[in-house]
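What follows is a set of notes on a single structure, which appears directly below.
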Amino acid sequence: KAGVTQTPRYLIKTRGQQVTLSCSPISGHRSVSWYQQTPGQGLQFLFEYFSETQRNKGNFPGRFSGRQFSNSRSEMNVSTLELGDSALYLCASSLVPGGSYNSPLHFGNGTRLTVT
Amino acid sequence: DQQVKQNSPSLSVQEGRISILNCDYTNSMFDYFLWYKKYPAEGPTFLISISSIKDKNEDGRFTVFLNKSAKHLSLHIVPSQPGDSAVYFCAASATGYGGSQGNLIFGKGTKLSVKP
């Protein structure tokens with residue numbers, strides 16, 4: 001069974017630009033969550049989608065948005081990039097919303113975004 | 001306000017000895033706890049979980065202990081191996097109204113180094 005796939009693996013953008021990251025969940029998983037990892041803050045929750053609906057949203061500005069398609073694939077978009085947006089963006093999928101004791105979140109290898 | 005805290009940024013242990021990683025939480029509504037392991041350039045991988053109705057869960061060399069009164073959990077690795085060297089994240093979640101699972105809240109991680 002293929003794992004969670006994130007593309008691209010690396011991205012370099014300039015301040016003010018926008019970026020779109022893609023995530024393909026494990027087959028059969030309908031829940032997709034996005035996290036931002038930075039050295040000082042650890043993993044911070046961005047948002048979660050289940051069956052094309054945003055179920056939860058973290059404490060990030062509106063420049064961060066996402067969506068989920070009918071095949072459960074998800075994209076996240078960051079507009080008007082700032083230097084502080086440089087981070088590893090991780091996508092995770094699970095069978096049920098939020099994961100569960102028997103169905104934890106499974107993470108992809110992330111997209112490393114560098115904003116210059 | 002950090003709801004999940006890993007107060008030790010790093011831990012160094014000799015091969016064959018026990019590694020103990022600690023995690024504290026503040027939200028008494030958390031009822032589901034997990035540990036993830038992360039190698040550089042990879043996404044976090046699920047290691048072990050525990051429900052709040054238990055105080056111990058064991059899987060091979062890995063055991064998680066939960067002390068609800070102290071709002072504390074720990075991960076024991078016995079015996080430690082050089083391949084265990086990684087960053088370990090503690091995470092917690094709360095079951096919401098209607099049984100839906102909330103998003104995972106992560107600690108900032110502890111970097112474990114196991115020396116041969």
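The values are calculated or read from the model by the stated rules, or taken from the named source; none is laboratory data. Being a predicted model, the structure only gives us computed values, none of them experimental. All Cβ positions, glycine included, derive from the backbone under ideal geometry; neighbour counts span all protein chains shown. We work out accessible area using only protein heavy atoms, side chains counted, and drop any ligands, DNA or RNA first. Shrake-Rupley method; radii C 1.70, N 1.55, O 1.52, S 1.80 Å.
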Please verify whether B:Lys68 is of a type in the set (Lys, Arg), in contact with a Phe, Trp or Tyr (Cβ under 9 Å, 6 or more places away or on another chain) and open to solvent by 60 Å² or more (accessible area, probe 1.4 Å), treating the condition exactly as stated.
no
Selection from segment B:48-65 of residues within 13 Å of chain A (Cβ to nearest Cβ) and open to solvent by 30 Å² or more (accessible area, probe 1.4 Å) yields B:Ile53, B:Lys54, B:Asn57, B:Asp59
Hits in segment A:86-104 (condition: open to solvent by 30 Å² or more (accessible area, probe 1.4 Å) and touching a Gly at 6+ places or on another chain (Cβ under 8 Å)):
A:Leu95
Would segment A:72-88 turn up any residue that is touching an Asp or Glu at 6+ places or on another chain (Cβ under 8 Å) and either closer than 17 Å to A:Pro8 by Cα or within 14 Å of chain B (Cβ to nearest Cβ) (or both)?
yes
Given (1) in a strand (DSSP E or B); (2) open to solvent by 20 Å² or more (accessible area, probe 1.4 Å), index of the condition B:Gly83 fails
(1)
If I filter segment A:7-23 for residues that are in contact (Cβ under 8 Å) with a residue 12 or more places away in the chain, of a type outside the set (Lys, Arg) and within 13 Å of chain B (Cβ to nearest Cβ), do I get at least one hit?
yes
Quick count over segment B:3-49, residues being in a loop (DSSP other than H, G, I, E, B) and in contact (Cβ under 8 Å) with a residue 40 or more places away in the chain, is 16
Looking at the structure I just gave you, is A:Pro61 more than 9 Å from chain B (Cβ to nearest Cβ), over 14 Å from the mean Cα position of the chain (by Cα), more than 23 Å from B:Thr110 (Cα to Cα) and modelled with pLDDT of 95 or more?
yes
Count of segment A:66-79 residues which are within 16 Å of A:Ser31 (Cα to Cα) and either outside any loop (DSSP other than H, G, I, E, B) or open to solvent by less than 40 Å² (accessible area, probe 1.4 Å) (or both):
7
Does A:Phe107 qualify as being open to solvent by 10 Å² or more (accessible area, probe 1.4 Å), aromatic (Phe, Trp, Tyr) and more than 10 Å from every other protein chain (Cβ to nearest Cβ)?
no
